[in-house]
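The values are calculated or read from the model by the stated rules, or taken from the named source; none is laboratory data. If you're wondering where the values come from, they're calculated on a predicted model, not measured in any experiment. Quick reminder, even Gly has a Cβ in these numbers, built from the backbone with ideal geometry, and neighbours come from all protein chains shown.
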Amino acid sequence: MSVAAEQPVEAPAAQVEPGREPRRFDRPRVLWVVTGLVYTFLFAPILVVILFSFNSAKSLQTFDGVSLRWYREFFADETLRTSLFTSIEIAAVTTVVATVLGTGLALGMTRSRSRASQGAGLLLLIPLVTPEIVAGVSAFVLFAQLGIALSVKTIILAHITFSISYVCVVVRGRLASLGQELEEAALDLGATRLQAVRLVTLPALWPAILAAAMLVFVLSFDDFVLSFFTTGEEPQPLPVRIYSALRFGISPTINAIGTLMLVVSAAFIAIAVLLPQLLGRRESGVAVLTGRSTE
């Protein structure tokens, strides 16, 4: 008996109406609409604050014309100027100290071969996932138990403690992408361990270190929760001063203050992202901040 060869059965072609393209699942238009609504919800209030900071009238609802009136009133107010300079001072000191400590901690944890470094890495993540209000209350209770009066120094101490983790995570990610080959080559050529770190590792880490420092400055400059729980009577940082002013009524000057803080924060974030290119590197600033940079 002969067996007939089985022929593959082709599926019938999809019926498409004449003059109409088939619908493509990988380009759903509804996602563009949802994305647009989300971005509108996020950024529309910020744009309203920026717009009304240039309002000539003392109104938060009606825009009467373009004017720099509220910016002039802000800089004419000595109390607000003092708060601005206090915030800059706190952010600057926090940036320097947290960057130095965080970089040293990242070097020690990455190059250490002990099991304790793994446990230290897990502990390092706790400040990042802990609610900031818990950190603020903890800092307040600690200073109260030690009998330390709340002042600018206590704010700086709280900000440093909170910011070290951010620096360590960024620098540690960069160290992990570098490897130890360059340091081992320097050691083979006669350099000491300290010389290898100073002449080889730190120059390669500069983009990550500076980007982390910019990020810490922004976090410290506009932080409210930690500052609120650790601040004294005078001088107060600008976010706390804004909150105190809002309790007695909303003034259009608040729009000018918010816009200035937004400009400062956006400028430092932009510098952190563009820093590798400014230093002649080919890597992305976003990749440096996330620890995914490679040469």
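Hey, could you check the stretch 32-56 for residues that are under 13 Å from ALA256 (Cα atoms) and of a type in the set (A, V, I, L, M) and say which is surrounded by the fewest Cβ atoms within 10 Å (Cβ to Cβ)?
Going through the qualifying residues, I end up with LEU47.
Check off (1) of a type outside the set (Ser, Thr, Tyr); (2) touching an Asp or Glu at 6+ places or on another chain (Cβ under 9 Å); (3) part of a helix (DSSP H, G or I); (4) at pLDDT 80 or above for ASP223 and give me the number that stays unchecked.
Answer for ASP223: the failing condition is (3).
Report the residue count in the stretch 122-165 for those that are in contact with a helix residue (DSSP H, G or I) (Cβ under 6 Å, 6 or more places away or on another chain) and within 16 Å of GLY108 (Cα to Cα).
Total meeting the criteria: 3.
Answer yes if at least one residue in the stretch 201-208 is of a type in the set (A, V, I, L, M), in contact (Cβ under 8 Å) with a residue 60 or more places away in the chain and within 30 Å of LEU260 (Cα to Cα), and no otherwise.
Yes, there is a match, as at least one residue in the stretch 201-208 is of a type in the set (A, V, I, L, M), in contact (Cβ under 8 Å) with a residue 60 or more places away in the chain and within 30 Å of LEU260 (Cα to Cα).
Looking at the stretch 160-178, is at least one residue under 24 Å from GLU233 (Cα atoms), among the β-branched types (Val, Ile, Thr), modelled with pLDDT of 85 or more and part of a helix (DSSP H, G or I)?
Yes, that holds for at least one residue.
What is the residue count in the stretch 54-87 for residues that are more than 13 Å from ILE242 (Cβ to Cβ) and touching a Pro at 6+ places or on another chain (Cβ under 9 Å)?
10
Taking the residues in the stretch 215-268 that are more than 22 Å from ASP77 (Cβ to Cβ) and among the aromatic types (Phe, Trp, Tyr) as candidates, determine which candidate is farthest from the chain's Cα centre (by Cα).
Among those residues, the one meeting the criterion is PHE229.
I'd like the full set of residues that are surrounded by fewer than 20 Cβ atoms within 10 Å (Cβ to Cβ) and in contact with a helix residue (DSSP H, G or I) (Cβ under 6 Å, 6 or more places away or on another chain), limited to the stretch 205-214.
Residues of the stretch 205-214 that are surrounded by fewer than 20 Cβ atoms within 10 Å (Cβ to Cβ), as a first pass: 206, 210.
Once the filter is applied, which keeps residues that are surrounded by fewer than 20 Cβ atoms within 10 Å (Cβ to Cβ) and in contact with a helix residue (DSSP H, G or I) (Cβ under 6 Å, 6 or more places away or on another chain), the stretch 205-214 yields only LEU210.
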